[in-house]
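The structure appears right after this line, and notes come after that.
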Amino acid sequence: MATIARPLTQDRAAELNVLVRKQRSLWQDALYRLLRNKAAMVGLAIIILVGLAAIFAPFIAPWDPILQHPDRNTYDPFWGSPQYIDHRFILGTDQLGRDILSRLIYSARVSMIIGFVPVTLIFVIGVSVGMVAGYAGGWTDQILMRVTDIVYAFPDLLFLLIIMATLRGTDVGKFGGGLPLMFVAIAIVNWVGMARLMRGQVLSLKEKEFVEAARCIGATPSRILIRHLFPNALAPAIVAVSFAIPSAMLTEATLSFLGIGVIPPTPTWGVMINEGFAVFTTSPWPVVFPALCIAVVMLSFTFLGDGLRDALDPRMKI
């Protein structure tokens, strides 16, 4: 008996240790797994750096982004030939003599705003429509989903082009340099995916025992939606938002590249690519640098979105 007492005691102690250990909530457990994802942390660090650069652009940028230097139109980056560089301009200047580094820093402001403001509108509209349709059912669900199907039937980019091209020259389109119009346009064509996602989540949750218990104690539909269904359906919505942000940034760059995005001289990465193509064969840097910025930021959001998806999936326990 003495030979088996020790192993049994050790096993029991291990079981007690697991039971006594402080249990983490769902969100604490997700945060723990997210922090262990190195790619997601690298992406988050880059996003934070870009956000800080956008916030403190007036203090970081060495020049005014729209200031022209007429003494020479185009300078190469500091590693170029000595006769074509000026050490005042680290990354050189564009064809109008504007400092590329300053324009990149100020362009981060527009890109980050475009990334977060329209996605916030998408989240609010999509979550509201999806949750109401999924919980109410019946004719309410049918009407809301048919409206969603109609909007979903339009090609996204074509719908955006029509809205921007039609309203860009009006007072509404000129207000705020065209940013508010772009916010609304991006939100109008992209909220349907969030609505469908939330509707599916609510349909799978509304017959669960905790929802039935809330109904039995007299909870109102609005209380059930806000206090019970919304928190439990939030995880996939967060992942969807993390992927929608770079998509909105790419949409802005595409529209600005086509000449119907943000109204110049407001600097954006898409506008810089558009303007830089005029001298691309002789000086590719005005195109290469903003394209690299777009690629790095989008890749960072993709890494963060993958990390959030793995962290919020209960089947991905570490």
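Throughout, read-outs are computed from the coordinates displayed, never taken from laboratory work. In this text, all values refer to a predicted model and were calculated from it rather than measured experimentally. Neighbour counts run over all protein chains shown; Cβ positions are idealised from the backbone, glycine included.
Along the axis of the charge dipole computed for region 24-312 (Cβ charges of +1 for Lys and Arg, -1 for Asp and Glu, origin at the Cα centre), the listed residues 180, 226, 161 are led at the positive end by 226.
Candidate membrane-span-like segments in the chain, meaning DSSP H helices with Cα atoms spread over at least 15 Å of their own axis and a Kyte-Doolittle mean of 0.0 or above, are 2-20, 38-55, 100-136, 138-153, 156-167, 179-205, 230-257, 285-312, with no membrane implied. Take 41-47, 248-254 and order them by the average number of nearby Cβ atoms within 10 Å per residue, most first; the result is 248-254, 41-47. Ranking 147, 104, 74 by Cα position along the charge dipole of region 24-312, where only Lys, Arg, Asp and Glu carry charges on their C-beta atoms, puts 147 farthest toward the positive end.
May I ask for the longest run of the chain untouched by trypsin sites (Lys or Arg not before Pro) that are loop-located per DSSP and have at most 16 neighbouring C-beta atoms (other than their own) within 10 Å?
The reported range is 89-207.
Between region 66-138 and region 147-199, the C-alpha centres lie 20 angstrom from each other. Mean residue ellipticity, 222 nm, helices only, the chain: the sum of -39500 (n - 2.57) across DSSP H runs of n ≥ 4, divided by residue count and rounded to 500, is -23000 deg cm²/dmol.
Using only side-chain charges placed at the Cβ, +1 for Lys and Arg and -1 for Asp and Glu, the dipole size of region 24-312 relative to its Cα centre rounds to 760 debye.
What you get for region 143-212, charging only the Cβ of Lys and Arg (+1) and of Asp and Glu (-1), is a dipole of about 160 debye around the Cα centre. Each Lys and Arg Cβ is given +1 and each Asp and Glu Cβ -1; about its Cα centre, region 191-318 then shows a dipole of about 580 debye. Between 214, 248, 189, the Cα set farthest toward the positive side of the dipole of region 179-268 (charges on each charged residue's Cβ, about the Cα centre) is that of 214. The residue 282 and residue 68 beta-carbon pair, evaluated with R₀ = 30 Å, returns a calculated FRET efficiency of approximately 0.95. Within the chain, the longest run free of exposed loop sites, counting chymotrypsin sites (Phe, Trp or Tyr not before Pro) that sit outside DSSP helix and strand states (H, G, I, E, B) and have at most 15 other Cβ atoms within 10 Å, spans 80-279.
Paramagnetic label reach from residue 78 (point 7 Å along Cα→Cβ; backbone nitrogen cut-off under 12 Å): within region 270-314, no residues.
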